[in-house]
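Colleague: Supplied in structure tokens, the structure appears directly below.
The values are calculated or read from the model by the stated rules, or taken from the named source; none is laboratory data. Not measured: the values here are computed from a predicted model. Here Cβ is always computed from backbone atoms with ideal geometry, including for glycine, and neighbour counts include all displayed protein chains.
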Amino acid sequence: KSLRLFDVSMNNISGPLPEELCGLPLESLNLFENRLEGRLPEILGNSTTLVVIKLFGNKLTGPLPKDLGKYSPLRSLDLSDNHISGELPDNLCEKGELVELMTLNNNVSGKIPPRLGDCHSLLRIRFANNNYSGPIPENFWGLPNAYLMELANNSFSGPISPKIGNAKNLGLLLISHNNFSGRIPEEIGSLENLVEFSGDYNNFIGHLPDCITKMKRIGKLDLQSNMLSGELSSDLEAWQKLNELNLARNNFSGVIPQEIASLAGLNYLDLSSNQFSGEIPTGLQNLNLNVLNLSYNHLSGRLPSYFLTAVYKNSFLGNPELCKKEGGVCEKVKIKRREGGACIWLLRFVFILAGLMFILGVVLFHVRYKKFIRTRSLNDKSKWTVISFHKLSFNEDEILGGLDEDNVIGSGGSGQVYKVTLGNGEIVAVKKLWAEAARDRRSVDLEKDWNNDNGFDAEVKTLGKIRHKNIVKLWCCCTNGDSKLLVYEYMPHGSLGDMLHSSKRDALDWPTRYKIALDAAEGLSYLHHDCVPPIVHRDVKSNNILLDADFGARIADFGVAVAIDTSKDKSMSVVAGSCGYIAPEYAYTLKVKEKSDIYSYGMVILELVTGRRPTDPEFEENDLVKWVCNVLERKGINHVIDPKLHSCFHEEILKVLNIGLLCSSPLPINRPPMRIVVTLLQEARNGINSHSKSFKKDGRLSPIYDCEEESEHGNVVSNSPVRAFS
């Protein structure tokens, strides 16, 4: 047999791409994440067999072969993260089968070939961070099957064509940092599957079409730094899934709709530098906002008392008519001004005197309070430092008083977890780490000095700056010379692992398990895609997914989490993670990638579907993935699904199982990004199957996972299905 599939990815291979290799009758050429240099051989454009080309993550230069795709049934082309220049060839979709076209992070220039507008097979388009220019072909806007259109950080110009209304499958429209202009077409409101529209830093004009507020699945709308104007619609009922709204630096006017306070999922709201007037909607204080910025508008009236804290000190700047209630008098919240006169000096003197008296009072109070706290703390010689990340209704004394052995609800290698009931009746969970455990804790850089414990620092730095409904809330941290405490919101149902593998398992019917899977996916998607820089958890497992009173899921335990600089490759000195959940690529690389989290999440899905631990003794030398594949082949789906789950859900369970198998693919490139995983799960519930398929090496459609997929890199021949996500 002649060589058909060639995969030597992630092997640090250097030098040019051999012409002899490119001249072979290959169907799949995978050389991603090496150190290849030079141009792509022109002979690559003469191939009549190539279906997949994955060369991302190298140092390739020069233009693409002018006949690339002209003679071959090309389905997937990923040249991201190179130094490729020149224009896109006209014939990339000559055979009409191109599904993925990705050139992000290169130097590609020129216009998008008009013929690509007729490539109806395209699903994923990623052109971000290049030098593309000119208008987008009208038909390209309306590609009917495209799910992802990423054109950000280029020099594209012209309007969005009304033909975008034909892109019925579009889920992600990312066109920020270009020179697009004109009005946003009404037709964009017909995109029922759109979950993100990022059009910031362009030149759009006119009003925000009312139809956009009718989009039920939209999760992120970012149109900051344009020239939009007019008033916002008050008909926002459909925006229940909206997570982020950024309309800053435009010319919007009128009042901020009261209805915006009814968007329970909203945690990022930036309406700064516009012309909004009137009062601030009082209901905003009921939202769990991570970011709130209403600065530099013309807002007036009383500032809700909830916002009179340091957390929001920069949220209302430049609104001179806003006022706050102090001593029964509504006083304006002023920015710095210059006013003369003896009255001002008198006021200054009074304030200085009052300040000195206040400081003296604080000092006296502090001296007495220290004596009081010593009698209540765990160690009379300890001095506790508290860093809060939210408005607290308790103090460290209440926390320390609850650290009793009778309150222990969990224990691990890093310390113990206590259930502490506060004086106001609220309950918090307190994780206590101690010096010996901290020295053993494997964190980001393996520093063993207790005073610089990165496990603790990673958790504080990560959870202290993020807020999301599916990430566990860190109230505060307390430190002294002997102990370090992390105070979290209390999760009544404990961890998913404990629930799933105990007598409590009966409470986890399929709708509940599906909700947990989706919640966890949304939490990870936030970490990977919405945090800057992205955050990789590195220890995703069922025991690190906590459940609230309504079985809502929260991602927890960020002790080995790490922020990723996408411009650099970052390697760890040891493997992080838990047995049974560790991605197989850690056998040959310690580079930190989001893909390792996705593998671990896939194992959690399989755990939810089967009810089995990833380390079940029955698997012997195999793992949960291979066990599922073997049982599916020999006995069928009914022997894979947890018998506790009702058979009426089996069709949906099978779809979710397929997603779990896709996430736990041995090859990282075959695992979808978490943002796509969220969509796949939503489609599984809604009965949509547009993404639940892939192409096998013979070109026919197949299930999204191939249980015969090989995981060994470096082999020349691979049985991997023709599918990849970057």
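Colleague: Can you work out which of the residues in the stretch 1-41 that are assigned to a loop (DSSP other than H, G, I, E, B) and of a type in the set (D, E, K, R) is nearest to Gly69 (Cα to Cα)? Steps first, answer last, please.
Modeller: First, the residues of the stretch 1-41 that are assigned to a loop (DSSP other than H, G, I, E, B): 1-4, 8-13, 17-18, 23-27, 31-34, 39-41.
Those still in the list that are of a type in the set (D, E, K, R) too: 1, 4, 27, 33, 39.
On the way: Lys1: 24, Arg4: 17, Glu27: 12, Glu33: 22, Arg39: 17 Å.
That would be Glu27.
Colleague: Ok, one more. Could you please let me know if Ala167 is of a type outside the set (Phe, Trp, Tyr) and either touching a Phe, Trp or Tyr at 6+ places or on another chain (Cβ under 6 Å) or under 25 Å from Ile84 (Cα atoms) (or both)? Give the derivation first.
Modeller: Values: of a type outside the set (Phe, Trp, Tyr): yes; either touching a Phe, Trp or Tyr at 6+ places or on another chain (Cβ under 6 Å) or under 25 Å from Ile84 (Cα atoms) (or both): no.
For Ala167, the condition - of a type outside the set (Phe, Trp, Tyr) and either touching a Phe, Trp or Tyr at 6+ places or on another chain (Cβ under 6 Å) or under 25 Å from Ile84 (Cα atoms) (or both) - is not met.
Colleague: Then there's this: Is there any pair with a first residue in the stretch 290-302 that is more than 16 Å from Asn251 (Cβ to Cβ) and a second that is modelled with pLDDT of 95 or more and of a type in the set (A, V, I, L, M, F, W, C) whose Cβ atoms are under 8 Å apart and which are 6 or more apart or on different chains, and what are they?
Modeller: If the second residue must be modelled with pLDDT of 95 or more and of a type in the set (A, V, I, L, M, F, W, C), the pairs left are Asn293/Ala248; Asn293/Leu271.
Colleague: Sticking with this one: Among the residues of the stretch 200-223 satisfying the criterion of being in a loop (DSSP other than H, G, I, E, B) and under 20 Å from Ala128 (Cβ atoms), which is nearest to the chain's Cα centre (by Cα)?
Modeller: First pass over the stretch 200-223, keeping only residues in a loop (DSSP other than H, G, I, E, B): 200-202, 207-209, 215-219, 223.
Those still in the list that are under 20 Å from Ala128 (Cβ atoms) too: 200-202, 219, 223.
On the way: Asp200: 19, Tyr201: 22, Asn202: 24, Gly219: 12, Leu223: 19 Å.
My answer is Gly219.
Colleague: Filter the stretch 6-30 down to the residues that are within 23 Å of Lys593 (Cβ to Cβ) and of a type outside the set (S, T, N, Q) and list them by number. Please lay out each step first, then the result.
Modeller: Residues of the stretch 6-30 within 23 Å of Lys593 (Cβ to Cβ): 6-14, 28-30.
Across the stretch 6-30, the qualifying residues are Phe6, Asp7, Val8, Met10, Ile13, Leu29.
Colleague: Please specify each residue of the stretch 63-96 satisfying the condition of being in contact with a strand residue (DSSP E or B) (Cβ under 6 Å, 6 or more places away or on another chain) and of a type in the set (Gly, Ala, Ser).
Modeller: Of everything in the stretch 63-96, those that are in contact with a strand residue (DSSP E or B) (Cβ under 6 Å, 6 or more places away or on another chain) and of a type in the set (Gly, Ala, Ser) turn out to be Ser76, Ser80.
Colleague: Still on this structure: Pick out, from the stretch 98-199, the strands (runs of 3 or more DSSP E) lying fully within it that include 1 or more residues that are modelled with pLDDT of 95 or more, charged (D, E, K, R) and surrounded by fewer than 23 Cβ atoms within 10 Å (Cβ to Cβ).
Modeller: In the stretch 98-199, the matching strands (runs of 3 or more DSSP E) lie at 179-183.
Colleague: Then there is this: Are any residues in the stretch 392-419 farther than 28 Å from Ser578 by Cα and surrounded by 13 or more Cβ atoms within 10 Å (Cβ to Cβ), and if so, which ones? Spell out how you get there, then give the answer.
Modeller: Of the residues in the stretch 392-419, the ones farther than 28 Å from Ser578 by Cα are 392-402, 404, 406.
Correct list: Leu392, Phe394, Asn395, Glu396, Asp397, Glu398, Ile399, Leu400, Gly401, Gly402.
Colleague: Right, another one. Search the stretch 207-221 for residues that are on the phi > 0 side of the Ramachandran plot and touching a residue at least 24 places away in the same chain (Cβ under 8 Å) and pair each with any residue that is part of a strand (DSSP E or B) and of a type in the set (Ser, Thr, Tyr) when their beta-carbon atoms are under 6 Å apart and the residues are at least 6 apart or on different chains.
Modeller: If the second residue must be part of a strand (DSSP E or B) and of a type in the set (Ser, Thr, Tyr), no pairs are left.
Colleague: Ok, one more. Failed condition for Leu74, given (1) within 15 Å of Asn130 (Cβ to Cβ); (2) part of a loop (DSSP other than H, G, I, E, B), with all others met?
Modeller: So Leu74 meets the others, but not (1).
Colleague: Within the stretch 78-97, how many residues are assigned to a strand (DSSP E or B), out of contact with any Phe, Trp or Tyr (no Cβ under 6 Å at 6 or more places or on another chain) and buried (at least 18 other Cβ atoms within 10 Å of the Cβ)?
Modeller: We begin by selecting, within the stretch 78-97, every residue assigned to a strand (DSSP E or B); these are 78, 83-84.
Filter once more, keeping what is out of contact with any Phe, Trp or Tyr (no Cβ under 6 Å at 6 or more places or on another chain): 83-84.
From the residues that got through so far, the ones that are buried (at least 18 other Cβ atoms within 10 Å of the Cβ) too are 84.
Of the residues in the stretch 78-97, 1 are assigned to a strand (DSSP E or B), out of contact with any Phe, Trp or Tyr (no Cβ under 6 Å at 6 or more places or on another chain) and buried (at least 18 other Cβ atoms within 10 Å of the Cβ).
Colleague: While we're on this one: Take the residues in the stretch 492-545 that are hydrophobic (A, V, I, L, M, F, W, C) and part of a loop (DSSP other than H, G, I, E, B), then tell me which one is surrounded by the fewest Cβ atoms within 10 Å (Cβ to Cβ). Before you say what the answer is, go through the steps one by one.
Modeller: First, pick out the residues of the stretch 492-545 that are hydrophobic (A, V, I, L, M, F, W, C): 496, 499-500, 507-508, 510, 516-518, 520-521, 524, 527, 531-532, 535-536, 540, 545.
Filter once more, so that each one left must be part of a loop (DSSP other than H, G, I, E, B): 508, 531-532, 540.
Numbers: Leu508: 22, Cys531: 17, Val532: 8, Val540: 26.
Here the residue is Val532.
Colleague: Residue check: is Asp642 touching a strand residue (DSSP E or B) at 6+ places or on another chain (Cβ under 9 Å), of a type outside the set (A, V, I, L, M, F, W, C) and in the same structural domain as Lys541 (by the TED database)?
Modeller: On the way: touching a strand residue (DSSP E or B) at 6+ places or on another chain (Cβ under 9 Å): no; of a type outside the set (A, V, I, L, M, F, W, C): yes; in the same structural domain as Lys541 (by the TED database): yes.
For Asp642, the condition - touching a strand residue (DSSP E or B) at 6+ places or on another chain (Cβ under 9 Å), of a type outside the set (A, V, I, L, M, F, W, C) and in the same structural domain as Lys541 (by the TED database) - is not met.
Colleague: Taking the condition at pLDDT below 90, in contact with a Phe, Trp or Tyr (Cβ under 8 Å, 6 or more places away or on another chain) and within 16 Å of Ser596 (Cβ to Cβ), does His529 pass?
Modeller: Numbers: at pLDDT below 90: yes; in contact with a Phe, Trp or Tyr (Cβ under 8 Å, 6 or more places away or on another chain): no; within 16 Å of Ser596 (Cβ to Cβ): yes.
Criteria not met by His529.
Colleague: Are there any strands (runs of 3 or more DSSP E) wholly within the stretch 257-324 with 1 or more residues that are surrounded by fewer than 20 Cβ atoms within 10 Å (Cβ to Cβ) and either aromatic (Phe, Trp, Tyr) or under 30 Å from the mean Cα position of the chain (by Cα) (or both), and if so which? Give the steps one after another, and end with the answer.
Modeller: On the way: elements: 268-270, 275-278, 291-293, 298-302.
The qualifying strands (runs of 3 or more DSSP E) are 268-270, 291-293.
Colleague: Name the residues in the stretch 2-56 that are at positive phi and either modelled with pLDDT under 90 or in the same structural domain as Glu585 (by the TED database) (or both), would you? Before you say what the answer is, go through the steps one by one.
Modeller: First, pick out the residues of the stretch 2-56 that are at positive phi: 10, 12, 15, 33, 38.
Of everything in the stretch 2-56, those that are at positive phi and either modelled with pLDDT under 90 or in the same structural domain as Glu585 (by the TED database) (or both) turn out to be Met10, Asn12, Glu33.
Colleague: Does Leu44 fit the bill of being assigned to a loop (DSSP other than H, G, I, E, B) and either touching a Pro at 6+ places or on another chain (Cβ under 7 Å) or buried (at least 16 other Cβ atoms within 10 Å of the Cβ) (or both)?
Modeller: On the way: assigned to a loop (DSSP other than H, G, I, E, B): no; either touching a Pro at 6+ places or on another chain (Cβ under 7 Å) or buried (at least 16 other Cβ atoms within 10 Å of the Cβ) (or both): yes.
Here the answer is no, as Leu44 does not meet what is asked.
Colleague: Okay, moving on. Of everything in the stretch 412-447, what is of a type in the set (Gly, Ala, Ser) and modelled with pLDDT under 75? Give them in sequence order.
Modeller: Quick first cut of the stretch 412-447, residues of a type in the set (Gly, Ala, Ser) only: 412-415, 423, 425, 429, 435, 437-438, 443.
Passing the criteria: Gly412, Gly413, Ser414, Gly415, Ala435, Ala437, Ala438, Ser443.
Colleague: So Val51 fits all but one of (1) touching a Gly at 6+ places or on another chain (Cβ under 9 Å); (2) free of Cβ contacts under 8 Å to residues at least 60 places away in the same chain; what number is the exception?
Modeller: Exception for Val51: condition (2).
Colleague: Here's a check for you: in the stretch 7-28, which residue that is charged (D, E, K, R) and within 19 Å of Thr48 (Cβ to Cβ) is surrounded by the most Cβ atoms within 10 Å (Cβ to Cβ)?
Modeller: The initial filter retains those residues of the stretch 7-28 that are charged (D, E, K, R), namely 7, 19-20, 27.
Subset that is within 19 Å of Thr48 (Cβ to Cβ): 19-20, 27.
Values: Glu19: 11, Glu20: 9, Glu27: 20.
Taking the candidates together, the pick is Glu27.
Colleague: Another question, if that's okay. Criterion first (more than 28 Å from Lys515 (Cα to Cα), modelled with pLDDT under 75 and not in a loop (DSSP other than H, G, I, E, B)) does Phe372 satisfy it? Even if it seems obvious, please write down each step before you answer.
Modeller: Values: more than 28 Å from Lys515 (Cα to Cα): yes; modelled with pLDDT under 75: yes; not in a loop (DSSP other than H, G, I, E, B): yes.
When the stated conditions are applied, Phe372 passes them.
Colleague: For the stretch 81-126, name all the residues that are among the hydroxyl-bearing types (Ser, Thr, Tyr) and farther than 23 Å from Thr48 by Cα. Before you say what the answer is, go through the steps one by one.
Modeller: Taking the stretch 81-126 as the starting set, the residues that turn out to be among the hydroxyl-bearing types (Ser, Thr, Tyr) are 85, 103, 109, 121.
Passing the criteria: Ser85, Ser109.
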